[in-house]
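To start, the structure itself, in structure tokens.
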Amino acid sequence: MTSHPYLSELFSLDGRVAVVTGGSSGIGRAIAEALARAGASVVVVARKEAELAATVAELADHGCRAAWVSADLSTRDGVRAAAEKAVEVFGEPDILVNSAGINLRPPMGDLGEDVWDTTMAVNLEAPYLLGQRFGPGMAERGFGRIIHITSQQAHRAFVQSGAYGVSKGALESLARSQAEAWSPYGVTCNTLVPGFVMTPLNARLASDPEKVAALAARTMVGRNGLAEDFAGAAVFLASGASAYVTGQAIFVDGGLSVH
Ligand SMILES: NC(=O)c1ccc[n+]([C@@H]2O[C@H](COP(=O)([O-])OP(=O)(O)OC[C@H]3O[C@@H](n4cnc5c(N)ncnc54)[C@H](OP(=O)(O)O)[C@@H]3O)[C@@H](O)[C@H]2O)c1
């Protein structure tokens, strides 16, 4: 098995600390597991304690080092408190994954300021504030990885993109701004772009078999995404192997975006 030391050299996250927002569900949970099983000590951040505790218990079953912080990322104080609680566990993070997100989908004409504000707070402002909190330290230490989860709707409008599409478009711009600022110091900043992934976020849509089949047919692979489809891309972007990849949007979508 001579290939294993080489794979470790490329992709191992041993000794790294990761903070994963939205790490208790769907894509974030799969990424938290992937980073932890690749060697990182992982802190998952979300609101619901039962889901957080279940995630950490599952990671512990895999022999991983993991902990959780319950916080509401829809307020600036909530984000700041989450960051401080997270660093208390394993120290300052080397890897930040922003997967916490909401998609409220009212028709554009009915889109009120409340939905706009909450969407921007969770999907865009929390990643910005966490980046401001952790990015400079990563740059000072000479290594960092910031990974945001965006959306097809960052690139095109469909199924009532509304405030959600705006927040995800801006999040891709945020990744580029962060990449510009911190890449010279070893901190890469990228986004993973899902297609349609079967997670609780899409529970309503997922209950309509015709729509699910129609979405699957729009991919090249011929199926909709699963949370675990993000494991490999997340480990790559979190690892030393991706040192020369920054400011990029990487589509993990079965070919949906190019079909
Ligand atoms: N599923 C898809 O098809 C799809 C497609 C494109 C993009 N995405 C993006 O991928 C990311 C993950 O989505 P998912 O499908 O995995 O969704 P999910 O299963 O609904 O998970 C969302 C996570 O965010 C957390 N969260 C939501 N609001 C929060 C808040 N105010 N404070 C703290 N945590 C909060 C949730 O935990 P609590 O509720 O306990 O707080 C949960 O852990 C999102 O950014 C989403 O926009 C998903």
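The values are calculated or read from the model by the stated rules, or taken from the named source; none is laboratory data. From a predicted model like this one, the values you see are computed outputs, not experimental measurements. All accessible areas refer to the heavy atoms of the entire protein, side chains included, with ligands and DNA or RNA removed. Shrake-Rupley method; radii C 1.70, N 1.55, O 1.52, S 1.80 Å.
On a 1.4 Å probe surface of the protein chains, which of MET198, MET108, MET138 comes out largest in accessible area, and what is the full order?
MET108, MET198, MET138
Size of segment 4-252 from its Cα atoms: along the principal axes, largest to smallest, the extents are 48, 38, 37 Å. When nucleic acids and ligands are ignored and a 1.4 Å probe is applied, GLU113 ends up with an accessible area of around 150 Å².
The amide H of ALA100, built 1.01 Å from its N in the peptide plane, has THR21, GLY22 as neighbours under 5 Å, considering only residues 5 or more places off or on other chains.
Across segment 4-252, the relative contact order, built from alpha-carbon pairs under 8 Å that are at least six residues apart, equals 21 percent. For the chain, with all protein chains in place and a probe radius of 1.4 Å, 54% of the accessible heavy-atom surface sits on carbon or sulfur. Rolling a 1.4 angstrom probe over the protein heavy atoms with all chains in place gives the chain an accessible area of 46 Å² per residue.
Within the full protein context, the accessible area of PHE90 is estimated at about 50 Å² for a probe radius of 1.4 Å. With contributions of -39500 (n - 2.57) from each DSSP H run of at least four residues, the per-residue ellipticity at 222 nm computed over the chain stands at -13500 deg cm²/dmol. Sorting LYS211, LYS48 by accessible area puts them as LYS48, LYS211; the probe is 1.4 Å, largest comes first, and only protein heavy atoms count. Measuring nothing but how far apart in sequence close Cα pairs (under 8 Å, 6+ apart) lie, relative to its length, segment 137-181 scores a relative contact order of 35 percent. In this structure the amide hydrogen of THR191, modeled in the peptide plane, comes within under 5 Å of the amide hydrogens of HIS148, GLN248, ALA249, ILE250, none closer than 5 places in sequence on its chain. Of LEU215, LEU171, LEU226, the order by accessible heavy-atom surface (1.4 Å probe, DNA, RNA and ligands excluded), from most exposed downward, is LEU226, LEU215, LEU171. Between the alpha-carbon centres of segment 187-238 and segment 151-186 there is a gap of 17 Å.
A probe of 1.4 angstrom, applied to the heavy atoms of all protein chains, finds GLU210 with accessible area near 150 square angstrom.
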